[in-house]
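Taking it in order: structure first as structure tokens, then the write-up.
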Amino acid sequence: MAELPSKKHLTSHPICLRIRGHSIYEDENQRTWLHILMDTGGDLQVRLWQDDIPSGYTALTTSPLTSSTMPSMWKLHLGSQYVDSMGQFWRIVHHIKEDDTEEMILELKDES
């Protein structure tokens with residue numbers, strides 16, 4: 001019988017994510033994260049997933065927004081949100097680990 005995927009909600013988030021290349025971020029432990037921008041009907045979200053990316057790899061993006069419009073860095077702020085290099089705050093919608101892959105969804109918070 002096939003094993004079901006194991007999904008675990010994580011509360012320990014990367015402290016810092018810095019842009020390493022087109023569509024690739026790197027955390028403080030040199031783990032690489034790919035991203036895709038998602039427009040959910042008004043709320044801008046970013047889906048990040050941790051994957052081992054070889055040095056020199058060029059990622060393809062399916063989003064019309066490219067790394068040039070993405071922040072160069074996110075820093076964990078107060079444990080439950082990130083502040084980006086442009087001073088914008090992003091809420092952690094979820095951070096899970098399914099099998100060996102981490103996924104995190106961040107949502108841009110309203111400026112209120």
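Between Thr101 and Leu44, the modelled labels are 2.5 nm apart [label points 7 Å from Cα along Cα→Cβ]. Near the amide H of Ser72, within less than 5 Å, lie the amide hydrogens of Ser85, all on another chain or at least 5 residues away, with H placed in the peptide plane.
No lab work stands behind these numbers, since they all come straight from the coordinates. Bear in mind the structure is a predicted one, so any value in this text is a computation, not a measurement. Every residue, glycine as well, gets a Cβ built from its backbone with ideal geometry; the counts of neighbours run over all protein chains shown.
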